[in-house]
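Below: the structure, in structure tokens.
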Amino acid sequence: MSSLAPSSLAAFAAQACEITGAENVITSDLDTYAVDDVTPGVAVRPLDEAQVAATLLAAATHSLAVIPLGGREHIGCCNVPARYDVALLTERMSRVVAHEPADMTITVDAGARLTDVQSMLAEHGQHLPLDPIGDRATVGGIIAASAFGPLRHAHGTVRDWLIGIRVAHPDGSVSKAGGRVVKNVTGYEMTKLYAGSFGTLAVVTEATFKLAPVPPLSSTIALACDSPHEGARVALAARDAGLSVRRCELLSPAAARRVVGSARWHLLCEIAGVSAAVGRSLRELRSLVGGSGEERPQEVWTHWRHAFTPAYFSLRLHLMPSRVSDAIERLATELDENPTSISSTVVAGVVRLNMLGENAPTERIVVAARSLAAAAGGHAVVEAAPSDLKQHIDVLGEARGDLPIMRRLKEQLDPTNVLSPGRFLGRL
Amino acid sequence: MTVQEAVPGGRVTRVVVRELERALGRERVLSTPEELIAYEFDGTIERGMPQAVVFPESTEQVAAAVRIAHRFDVPVIPRGAGTGLSGGAVATIGGVIVALTRMKRILAVDPVNLTAVVEPGVVNLDLSNHVAPLGLFYAPDPSSQRACTIGGNVAENAGGPHCLAYGATTQHILGLELVLADGEVVNVGGAMRDVPGYDLAGLFVGSEGTLAIATKITVRLMRLPESTRTLLAIFDTVDDASNAVSSIIAAGMVPSALEMMDRNIIAAIEPVIHAGFPLDAEAVLLIEVDGLDESTQEQAGVIDAICRKHAAREVRIAVEKPDRDRLWAGRKTSISALGRLYPNYYVLDGVVPRTKLVEVLRQTYAIAAKYDLDVANVFHAGDGNLHPNLLFDERVPGATERVLQAGAAIMRLCVDAGGSITGEHGVGLEKRDFIAWIYDEPDLDAMRRVKAAFGTGANYNPCKAFPTHKGCGEIHSGRLPRTPAADGAEMYV
């Protein structure tokens, strides 16, 4: 249910029809665009940046709350909206604005799907080395959620690849930051601010990334381990040996059963690079577990994506890498009676936990995970949860001493609280 | 959207100096003209006289100094080693310089999680040397790394040759303890990249001392590579060398460094360093690959072939450290060696898309010729980051003006080629006048709002980075006649 009087919505919808054309203003069957069980009063499909900005201004004029939506793959990873009137859909904004293969940069509209961008880049032997979950994930959504997958191991997160951005503000203005060159320190690093801001500060309309070459050779092996400790030890040892590891996920037995078909602790590693280096890395990795890791087809990473698509309840812990295996062991004990898929990008200190069963004691798990994470100097983010649970926890973690700066950033950039109100950390 | 603020209205009177002395101890405050002269400059030709320089040794002392400056509404200018190349540490309208050089402790090193916590005054290379016995290093390596501080690197988001593969400073900073303009101490980021909320650490890096002073910095360390190979490729034309750069990048190679030096640089360094650079070559490329031995061997082979395909006269490959160091010695001393050619040089810092290198370099030479100047190029070719050095003698009437005009023309050239006015030195004072070529009013307004959110007010490093304050406009890149320093209750700006 939208939170506002129908008259403002109707006035806004009329204005939106002028901005985008009536065929792009949706007023029925809006459940599709519900966020945490809150259904908007209208959905708008702008074609370009100017229409986004005009739509935001119109919404602000009528005191309506807007949530930008891309592929909605990571939309659950935020607090329940305090208000939600307008769904702003970026689906029509999917152009590749510029691709300079020799410069290894690409500029795309926010609504472009990463999978489409990657297919186009593959023809040039290039890619954006990000592999977040969700085939529908858009560039804008990935930036907003700072979403990442196993490539985090070698390639960091979206902030490390984003070199330029254009955004629309709720006062109807648009601004840019960065540019199209790979090295640039002109002005504040606004790209860093927008990455991970979950649509609470501005609406991303266009992004420019630097690109990486697709490695000439790649091979994936699954190494069975006796315990999470052994898996984490091998992951860190491979890092320290400088082996050509591109992805490296420590899988719990429940996760391994789904991903590699064997219910034991596993380390799933992709080795990539030039041939001689790949060969040696494979040999040394195997010797680290004192056994023979089985080579797997690349599709095993697709299985991984399916296994870790945010489900009924998904949690992500961020810890010091040295604390990962202890935390996993304790979590596994805690969850004993509820077999849970766990996957950890050990060297980045990331632990994902995915639960399909709907009877899980979710709140107890959040509390346990948070206290475990805090003891290990980290924190836990809820990526997906039933909205009744989300009502009484802050899904993004516990606010710290820097929250006042964040609040002032929100007030400065979205002074009338139009954008995704209540969804951010501290319910900003 | 518009937010604008005035420059600080207060003055650094004797009263302010006494308060600083009381709070920090007299031995940590300089205020006589003779003492202050050393702090009038940084690495640029900008100048501006502070009325006091303080040397805090703790976060509490930084906060105390900042609170006093805040109370009297006077500018605060954070300063590291003073090696900056955009005027970021120059007290352009006077004020209190907070020199962080005495805060130089390495507080913690975590070799498992690959982090270190340092104070801002730690010298860049000292950190790498400190962790080398553990097989670790700190990747950002600006050419001034023997002198520049981590705090200054954070302020400017400093780069260096190896940021081609490893990224600039921003990719190596995890957490910061900050002193805000009112003296409040806040921690942002942490011991790992992911912390709840907005990426304030990412936002802070590169803010050029305008948002806060970092008093503790958590950095990411990296494992030293098993193998490194350095190639020196010698070319008879700059075009061939530039084309080789584009081909190396386009071939999917990821060298850790890819540097170019032109004939004028070679002429300056070879007689000093004896690196074996042929004096009749028009350009040399210095290319480094690192990683597993198998990997560097194969990549070096591919790069060697590409260079030869682009008519490299000769390619040398150094594997052993002394041989590699000899090749790098030429690069690392190149700018200071320019003093052999001319008494003064002015180093620019533009960025262009890598495919535009050939064209932009040609036009750079043409612009220098038009202004009757010699230019020497030594730069990070792999990421399109140009450093043309305009050579001159400031004693020749009109020479400095010609240099500034040529510099502006080259910056404009970079912007017109789709590039940027700074890749790693920062905007500072030097390029404030050019920022409007890159950013429109709404772009700058969003940044001003960020500044407002940090509660910085007018105090922190006024008139730097982007045109924020009313009253800064008439200051022409700070090249003012020296202003008399503090004495008595006189005012000085």
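Structure data summary
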quantity: Cross-chain or 6+ apart pairs with Cβ under 9 Å, region B:214-227 first and within 12 Å of another protein chain (Cβ to nearest Cβ) and of a type in the set (Asp, Glu), then crowded, with 23+ Cβ neighbours inside 10 Å and in a loop (DSSP other than H, G, I, E, B); calculated: B:Glu226/B:Leu292
quantity: Enumeration of residues in region A:371-428 that are touching an Asp or Glu at 6+ places or on another chain (Cβ under 7 Å) and closer than 14 Å to A:Leu315 by Cβ; calculated: A:His379, A:Leu389, A:Lys390
quantity: Residue count for region B:408-422, restricted to those that are assigned to a loop (DSSP other than H, G, I, E, B) and either under 11 Å from B:Leu85 (Cβ atoms) or away from chain A (no Cβ under 11 Å) (or both); calculated: 1
quantity: Residue that is nearest to the other protein chains (Cβ to nearest Cβ), among those in region A:349-365 that are within 18 Å of B:Pro196 (Cα to Cα) and out of contact with any Leu (no Cβ under 7 Å at 6 or more places or on another chain); calculated: A:Val350
quantity: From the options B:Arg331, B:Arg308, B:Arg316, residue that is crowded, with 17+ Cβ neighbours inside 10 Å and at negative phi; calculated: B:Arg331
quantity: Tally, over region A:104-139, of residues that are within 14 Å of another protein chain (Cβ to nearest Cβ) and touching a residue at least 60 places away in the same chain (Cβ under 8 Å); calculated: 10
quantity: Selection count, region B:83-98, where residues are under 16 Å from B:Ala155 (Cα atoms) and crowded, with 24+ Cβ neighbours inside 10 Å; calculated: 10
quantity: Matching option when the condition is of a type in the set (Gly, Ala, Ser) and either buried (at least 21 other Cβ atoms within 10 Å of the Cβ) or within 14 Å of chain B (Cβ to nearest Cβ) (or both), among A:Ala254, A:Ala207; calculated: A:Ala207
quantity: Residue, nearest to B:Leu390 (Cα to Cα), within region B:247-274, restricted to residues that are away from chain A (no Cβ under 13 Å) and not aliphatic (A, V, I, L, M); calculated: B:Asn264
quantity: Check on B:Gly80, in contact with a Ser or Thr (Cβ under 7 Å, 6 or more places away or on another chain), away from every other protein chain (no Cβ under 14 Å) and surrounded by 22 or more Cβ atoms within 10 Å (Cβ to Cβ); calculated: yes
quantity: Criterion violated by A:Ile271 - all others in (1) farther than 27 Å from B:Val109 by Cβ; (2) β-branched (Val, Ile, Thr); (3) outside any strand (DSSP E or B) satisfied; calculated: (3)
quantity: Filter result for B:Thr149 (crowded, with 24+ Cβ neighbours inside 10 Å and free of Cβ contacts under 8 Å to residues at least 60 places away in the same chain); calculated: no
quantity: Filter result (of a type in the set (A, V, I, L, M, F, W, C) and in a helix (DSSP H, G or I)) within region B:392-407; calculated: B:Ala399, B:Val403, B:Leu404, B:Ala406
quantity: Unique residue being over 19 Å from the mean Cα position of the chain (by Cα), within 28 Å of B:Val352 (Cα to Cα), modelled with pLDDT of 95 or more and part of a loop (DSSP other than H, G, I, E, B) when the list is A:Met93, A:Met120; calculated: A:Met93
quantity: Subset of region A:400-416 (residues that are among the polar types (S, T, N, Q) and not in a loop (DSSP other than H, G, I, E, B)); calculated: A:Gln412
quantity: Count - residues of region A:45-74 that are assigned to a loop (DSSP other than H, G, I, E, B) and touching a strand residue (DSSP E or B) at 6+ places or on another chain (Cβ under 6 Å); calculated: 4
quantity: The listed residue being modelled with pLDDT of 95 or more and under 19 Å from the mean Cα position of the chain (by Cα), out of A:Ile106, A:Ile163; calculated: A:Ile163
quantity: Elements of type strands (runs of 3 or more DSSP E) contained in region B:273-372, each with 3 or more residues being more than 27 Å from the chain's Cα centre (by Cα); calculated: B:314-318
quantity: Test: residue in region B:318-327 that is at pLDDT below 90 and away from chain A (no Cβ under 14 Å); calculated: yes
quantity: Test: residue in region B:233-246 that is within 26 Å of the chain's Cα centre (by Cα), at the interface with chain A (Cβ under 8 Å from one of its Cβ atoms), buried (at least 18 other Cβ atoms within 10 Å of the Cβ) and part of a helix (DSSP H, G or I); calculated: yes
quantity: Residues satisfying the stated conditions in region A:257-283, i.e. in contact with a Gly (Cβ under 9 Å, 6 or more places away or on another chain) and away from every other protein chain (no Cβ under 14 Å); calculated: A:Trp265, A:His266, A:Leu267, A:Cys269
quantity: Unmet requirement for B:Val117, which otherwise passes all of (1) of a type outside the set (Gly, Ala, Ser); (2) out of contact with any Leu (no Cβ under 7 Å at 6 or more places or on another chain); (3) surrounded by fewer than 24 Cβ atoms within 10 Å (Cβ to Cβ); calculated: (2)
quantity: Elements of type helices (runs of 4 or more DSSP H) in region B:150-218, at least 1 residues being among the small types (Gly, Ala, Ser) and at pLDDT below 95; calculated: B:163-166
quantity: Residue match in region A:190-210 (condition: under 30 Å from A:Ser287 (Cβ atoms) and in a strand (DSSP E or B)); calculated: no
quantity: From the options A:Ala369, A:Ala348, residue that is touching a Phe, Trp or Tyr at 6+ places or on another chain (Cβ under 9 Å), modelled with pLDDT of 90 or more and surrounded by 21 or more Cβ atoms within 10 Å (Cβ to Cβ); calculated: A:Ala348
quantity: Boolean, A:Ser420 is more than 7 Å from chain B (Cβ to nearest Cβ), at pLDDT below 90 and within 18 Å of A:Ile67 (Cβ to Cβ); calculated: no
quantity: Scan of region A:151-189 for residues that are part of a helix (DSSP H, G or I), more than 7 Å from chain B (Cβ to nearest Cβ) and of a type outside the set (Val, Ile, Thr), ordered by number; calculated: A:Arg152, A:His153, A:Ala154, A:His155
quantity: Qualifying positions in region B:452-462 - over 21 Å from A:Gly172 (Cα atoms) and either among the basic types (Lys, Arg) or outside any loop (DSSP other than H, G, I, E, B) (or both); calculated: B:Tyr460
quantity: Residue in region A:293-305 that is surrounded by 23 or more Cβ atoms within 10 Å (Cβ to Cβ) and either outside any helix (DSSP H, G or I) or without any contact (Cβ under 8 Å) to a residue 12 or more places away in the chain (or both) present; calculated: no
quantity: Looking only at region B:446-468, and only at residues there that are more than 7 Å from chain A (Cβ to nearest Cβ) and over 22 Å from B:Val186 (Cβ atoms), the one that is modelled with the highest pLDDT; calculated: B:Cys463
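The values are calculated or read from the model by the stated rules, or taken from the named source; none is laboratory data. Keep in mind it's a predicted model, so treat the numbers as computed, not measured. Every residue, glycine among them, receives a Cβ derived from its backbone with ideal geometry; neighbour counts consider all protein chains shown.
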